[in-house]
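Q: Next up is a structure, given as structure tokens.
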Amino acid sequence: MFNAMMDVMQGFGVSSTHYLQTNYKDAQGLFLWVSWAADLRNTFFIFFPLWFHLRASVGIKLIWVAVIGDWLNLVFKWILFGERPYWWVHETAHYANTVAPHIEQYAMTCETGPGSPSGHAMGAAGVYYTLVTSILAVMASKKKPASKKSTSKLWYLKAVLWTLFWGVQVCVCLSRVFIAAHFPHQVVAGVITGMIVAEAFNRIQWIYNASMKKYFYTTFFLTSFAVGFYLLLKAVGVDLLWTLEKAQKWCIKAEWVHLDSTPFASLLRNMGTLFGLGLGLHSPLYTETKKSNSTAAKAGCIIVSLFLLHLFDSFRPPTHTAALFYLLSFCKSATVPLVTVSLIPYCVNRAMSMHSKKGV
């Protein structure tokens, strides 16, 4: 009964993909761009450095929401065993008496992990929910007391931000369905779980003052739990990497199956980011520079961070050895928040200090 229900839902999903690809082919470029923009890499390389230097608490919360959300996404995927449209349509018996709809594949289609819930939808929902609620909280704290005008402005801001939020979520969901990476129910599940994670972190305060020991133990626990869960199920005959074979079999181009889309790649990327944030926040360089609140210093840090991280992102760890790739991915991910939080602000402040002394 359950399998029959899932076949109906997934059949509807494939039909939705076929409909979008047939009727909105001209929007292909937009859908591909949205899928790229919704990747968590952009949170780490763009949103985090921007918001950390504007308001450190928002930047810290963004990292925690993104990392914990993606870790939960990995665990949910391993538990739910979700199919993906681009391989399910070739293997299902659902179309035994009819012709299966033809669906196109793209470079971003061939994700190698299970499909439910959607990581892109979950990540986008968590990150943008965090941004919207943080902006509203900041604006509410600055609101002048009991003024009709200020209350009206805050209401309009809420309306605009939440409209943008839902607009982004719809675009991300349609994009993932369009490229045949997910079924509709998987992206809806991703949005809901992403919002739940973000709302949970709106109520958690200890992350802003977490010690280096807490960062280390949290990183160690999350990594150990995921690896232990994988090894435990493998010992009883359940291979959690069952989707990798399907991706390699049904992806129309071998080069579209990337090692960095595997479950362990995302795990180590996220753990590296969280650990790097802890190192950065407890660095002597950050302690020395965090008292500087000048607008010029913040602007300089944002510009330098975005520029240097853009260059750094172009480095791709070699994929010929999986262990080396995972290790370098962890190190690369740890470097991003470490450099953003400590090294860049220190260098920018030193440069500005030397310039002011010369001016005198």
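Q: When the residues of the range 83-116 are filtered to those that are among the polar types (S, T, N, Q) and either in contact with a His (Cβ under 9 Å, 6 or more places away or on another chain) or touching a residue at least 12 places away in the same chain (Cβ under 8 Å) (or both), which remaining residue is surrounded by the most Cβ atoms within 10 Å (Cβ to Cβ)?
A: Thr109
Residue-by-condition table, conditions (1) of a type outside the set (S, T, N, Q); (2) in contact with a Cys (Cβ under 9 Å, 6 or more places away or on another chain):
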site: Phe2; (1), (2): yes, no
site: Asp7; (1), (2): yes, no
site: Val14; (1), (2): yes, no
site: His18; (1), (2): yes, no
site: Gln28; (1), (2): no, no
site: Asp39; (1), (2): yes, no
site: His53; (1), (2): yes, yes
site: Phe76; (1), (2): yes, no
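Q: Quick one: count up the residues across the range 33-50 that are touching a residue at least 12 places away in the same chain (Cβ under 8 Å), open to solvent by 40 Å² or more (accessible area, probe 1.4 Å) and in a helix (DSSP H, G or I).
A: 5
Q: Taking helices (runs of 4 or more DSSP H) that fall entirely within the range 185-304, which contain at least 2 residues that are modelled with pLDDT under 95, open to solvent by 30 Å² or more (accessible area, probe 1.4 Å) and among the hydroxyl-bearing types (Ser, Thr, Tyr)?
A: 284-289
Q: Of His53, His18, His90, which residue is outside any loop (DSSP other than H, G, I, E, B) and either modelled with pLDDT of 95 or more or charged (D, E, K, R) (or both)?
A: His18
Q: To continue, here is another question. Does Lys298 fit the bill of being over 18 Å from the mean Cα position of the chain (by Cα), of a type outside the set (A, V, I, L, M, F, W, C) and closer than 14 Å to Phe48 by Cα?
A: For Lys298, the condition - over 18 Å from the mean Cα position of the chain (by Cα), of a type outside the set (A, V, I, L, M, F, W, C) and closer than 14 Å to Phe48 by Cα - is met.
Q: Also, quick follow-up: Exactly one condition in (1) under 17 Å from Arg316 (Cα atoms); (2) out of contact with any Cys (no Cβ under 6 Å at 6 or more places or on another chain) is false for Val257; which is it?
A: Here Val257 clears every test but (2).
Q: Here's another thing I want to ask about it. Go through the range 93-130 and give me each residue that's outside any helix (DSSP H, G or I), among the polar types (S, T, N, Q) and under 20 Å from Ile192 (Cβ atoms).
A: Once the filter is applied, which keeps residues that are outside any helix (DSSP H, G or I), among the polar types (S, T, N, Q) and under 20 Å from Ile192 (Cβ atoms), the range 93-130 yields Ser116, Ser118.
Q: Among (1) loosely packed, with under 15 Cβ neighbours inside 10 Å; (2) of a type outside the set (Asp, Glu); (3) in a helix (DSSP H, G or I); (4) within 22 Å of the chain's Cα centre (by Cα), where does Thr319 come up short?
A: Of everything listed in (1) loosely packed, with under 15 Cβ neighbours inside 10 Å; (2) of a type outside the set (Asp, Glu); (3) in a helix (DSSP H, G or I); (4) within 22 Å of the chain's Cα centre (by Cα), Thr319 misses just condition (3).
The values are calculated or read from the model by the stated rules, or taken from the named source; none is laboratory data. Small disclaimer: the values here were computed from a predicted structure and weren't measured. When we count neighbours, we look across all protein chains shown, and the Cβ atoms used for this are built from the backbone with ideal geometry, even at glycine. Only protein heavy atoms, including side chains, enter the accessible area calculation; ligands, DNA and RNA are left aside. Shrake-Rupley method; radii C 1.70, N 1.55, O 1.52, S 1.80 Å.
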